[in-house]
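K.L.:
Quick one: structure below, then a few questions.
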There are 2 protein chains.
Amino acid sequence: MTGCKKAIEQNEIPVCAIVVDENNSIVSKAINRTKMDVLGHAEIRAIKKAAKKLKSRYLYNCKIYVNLEPCIMCAFACVLSRISEIVYVLRDQKFGGVYSLYQIPIDIRLNHRIIVRKASYFEEEFKELLRKFFKNSNL
Amino acid sequence: MTGCKKAIEQNEIPVCAIVVDENNSIVSKAINRTKMDVLGHAEIRAIKKAAKKLKSRYLYNCKIYVNLEPCIMCAFACVLSRISEIVYVLRDQKFGGVYSLYQIPIDIRLNHRIIVRKASYFEEEFKELLRKFFKNSNL
């Protein structure tokens, strides 16, 4: 929630991702930064930070929490990073790559599969933040 | 070709991407850098460099040339960046996101479509470079 509010203060889409390790300790957090870089999604940024912090190419046994369903790019970034679980709150009918448009993390043709879970933490609050943001922006 | 050889010298997978503008002038070039960062694909790096150079979030009317079919992540990165055309040489049965596993750039549910073209420039040479690289690596 705090991350999303921080994103809004910076006029960024209120999306925030958190990577946690197998003990549920936070490894990294990142907000969306797409104002200048359309590829600066929160998940990609959190994954890169986590890999750097853990000094590891792969994030085995790590989970990623995000308030909006990862897009197709981020869904495959999670596969490439060997993340073990994705937990998201709101579905994304426009770009969703883990449920809405594609189900990339469970594609048996790929060399890594990810557990995907839809959660409902702060669901109404996140919905409202996104609704307000897009109402006030021209994105 | 030069980019791919440079990648090999640095013990990186020989993949090289080039973004050109509507006049076919080179805007950016990038090689794969996945040794330390599994998300450091050539296409993503070339797109980010091009956007920075053109001081634009979007790469309308730009084409991307790459010797290996873009993966799922890179295919959607091209959609997000509004690239107009993807030209690739070798198919990627393992991760290919523009033909082999998914056809993301032509998905009519998305808000941008991309022309995808398979070319055959240096096809045998690229195949040989990749074959040799994977024979000598443990990736």
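Only the coordinates and a few stated rules stand behind these numbers; no lab work does. These numbers were taken from a predicted model, which means no experiment stands behind them. Positions of Cβ are backbone-derived with ideal geometry, glycine not excepted, and every protein chain shown enters the neighbour counts.
K.L.:
Using the Cα gyration tensor of the stretch A:21-65, with a ≥ b ≥ c the square roots of its eigenvalues, what is the shape: rounded (a/c below 1.5), prolate (a/b larger than b/c) or oblate (neither)?
P.N.:
It is prolate, given that a/c is not under 1.5 and a/b is the larger ratio.
K.L.:
Another one. With label points built 7 Å along Cα→Cβ from the Cα atoms of A:R113 and B:I115, find their separation and express it in nm.
P.N.:
With each label placed 7 Å out from Cα toward Cβ, I get 4.0 nm.
K.L.:
If you take the beta carbon distance between B:S84 and B:E124 as r and set R0 to 30 Å, what does 1/(1 + (r/R0)^6) give as a FRET efficiency, to the nearest 0.05?
P.N.:
Details: r = 28 Å, r/R0 = 0.94.
That pair, B:S84 with B:E124, gives E of 0.60.
K.L.:
Quick query: amide H of B:R113 versus all other amide H atoms, modeled in the peptide plane; which residues come in under 5 Å with a sequence gap of 5 or more or a different chain?
P.N.:
Residues meeting the amide H criterion: none.
K.L.:
Related question: Which entries in B:K35/B:K132; B:K53/B:K127; B:K29/B:K55; A:K52/B:K55; B:K6/B:K29 show an alpha-carbon gap greater than 21 Å? Numbers along the way, then the final one.
P.N.:
Values: B:K35/B:K132 17 Å; B:K53/B:K127 31 Å; B:K29/B:K55 16 Å; A:K52/B:K55 28 Å; B:K6/B:K29 12 Å.
B:K53/B:K127; A:K52/B:K55, as the Cα separations exceed 21 Å there.
K.L.:
What FRET efficiency, computed as 1/(1 + (r/R0)^6) with R0 = 45 Å and r the Cβ-Cβ distance, is obtained for B:R131 and A:N136, rounded to the nearest 0.05? Can you show the working numbers first?
P.N.:
Working: r = 53 Å, r/R0 = 1.18.
Between B:R131 and A:N136 the formula returns 0.25.
K.L.:
Kindly provide the Kirkwood hydrodynamic radius of the protein assembly as shown in Å, to one decimal, from all pairs of distinct alpha carbon atoms. Can you show the working numbers first?
P.N.:
Working: mean 1/r = 0.0525 Å⁻¹.
That comes to 19.1 Å for the protein assembly as shown.
K.L.:
Per residue of the stretch A:84-98, what does 6.51 cos²θ - 1.76 cosθ + 1.60 with θ = phi - 60° give for ³J(HN,Hα)? Whole Hz please, x for Gly and Pro, Karplus curve as stated.
P.N.:
Result, ordered by residue: 8, 8, 10, 10, 10, 9, 9, 6, 10, 5, 8, 10, x, x, 10 Hz.
K.L.:
Taking amide H positions as placed in the peptide plane 1.01 Å from N, state which residues far from A:G96 in sequence (5 or more) or on other chains have amide H under 5 Å from it.
P.N.:
The list, which skips near neighbours in sequence, is A:L101.
K.L.:
Between copies, how close do the A:K6 label points come, placed 7 Å along Cα→Cβ, listed in nm from shortest?
P.N.:
3.5
K.L.:
Does the stretch B:1-47 come out rounded, prolate or oblate by the C-alpha gyration tensor, with a ≥ b ≥ c the root eigenvalues, rounded set by a/c under 1.5 and, if not, prolate when a/b is larger than b/c and oblate if not?
P.N.:
Numbers: a/c = 4.01, a/b = 1.68, b/c = 2.39.
Judged from the Cα gyration tensor, the stretch B:1-47 comes out oblate (a/c at least 1.5, b/c at or above a/b).
K.L.:
Using the 10 angstrom Cβ neighbour count as an exposure proxy, how do A:R91, A:R109 rank, fewest first?
P.N.:
Numbers: A:R91 13, A:R109 10.
By the 10 Å Cβ count, ascending: A:R109, A:R91.
K.L.:
By Cβ position, which chain A residue lies least far from the axis that rotates chain A onto chain B, and what is the distance to the nearest whole angstrom?
P.N.:
Spelled out, residue of A and its Cβ distance from the axis onto B: A:M73, 2.
K.L.:
Where the centre of each part is set by its Cα atoms, how far does the stretch B:1-72 sit from the stretch A:46-124, in angstrom?
P.N.:
24
K.L.:
Here's something else I'd like to know. D for chain B, whole µm²/s, Stokes-Einstein with Kirkwood Rh over alpha-carbon pairs at 20 °C and 1.002 mPa s: what number?
P.N.:
Numbers: Rh = 14.9 Å.
The estimated diffusion coefficient comes to 144 µm²/s.
K.L.:
Give me A:I64, B:I13 ranked fewest to most by other Cβ atoms within 10 Å of their Cβ, as a rough exposure proxy.
P.N.:
Ascending number of Cβ neighbours within 10 Å: B:I13, A:I64.
K.L.:
So the label point sits 7 Å from Cα along the Cα-to-Cβ vector; using that for B:E125, what distances do you get to the other copies, in nanometres, sorted shortest first?
P.N.:
From this label point to the equivalent ones elsewhere in the assembly: 5.8 nm.
K.L.:
Now for a separate question. Give a residue-ordered list of calculated ³J(HN,Hα) values for the stretch A:116-121 (Karplus: 6.51 cos²θ - 1.76 cosθ + 1.60, θ = phi - 60°; whole Hz; x for Gly, Pro).
P.N.:
With the stated coefficients, the stretch A:116-121 comes to 10, 9, 8, 10, 10, 4 Hz.
K.L.:
Scan around A:V27 for amide H atoms under 5 Å from its own, H built in the peptide plane at 1.01 Å from N, and keep only partners 5 or more places away or cross-chain.
P.N.:
Correct list: A:V19, A:V20, A:D21.
K.L.:
What list of ³J(HN,Hα) values in whole Hz, one per residue of the stretch A:65-71 in order, does the Karplus curve 6.51 cos²θ - 1.76 cosθ + 1.60 (θ = phi - 60°) give from phi, with Gly and Pro shown as x?
P.N.:
Once rounded to whole Hz, the list reads 10, 8, 7, 10, 3, x, 6.
K.L.:
Starting from 0.36 nm per residue, how many nanometres of slack lie between A:E22 and A:K53 once their C-alpha separation is accounted for?
P.N.:
Details: separation 31, 0.36 × 31 = 11.16 nm, distance 1.48 nm.
Full extension from A:E22 to A:K53 adds 9.7 nm.
K.L.:
I need to check one value: relative contact order of chain A, counting alpha carbon pairs closer than 8 Å and at least 6 residues apart, in percent.
P.N.:
Numbers: 278 pairs, mean separation 25.6, N = 139.
Averaging sequence separation for qualifying contacts and normalising by length gives 18 percent for chain A.
K.L.:
Copy-to-copy spacing for B:Y60, label 7 Å out on the Cα-to-C-beta vector, in nm, shortest first?
P.N.:
The answer, with the shortest distance listed first, is 4.7 nm.
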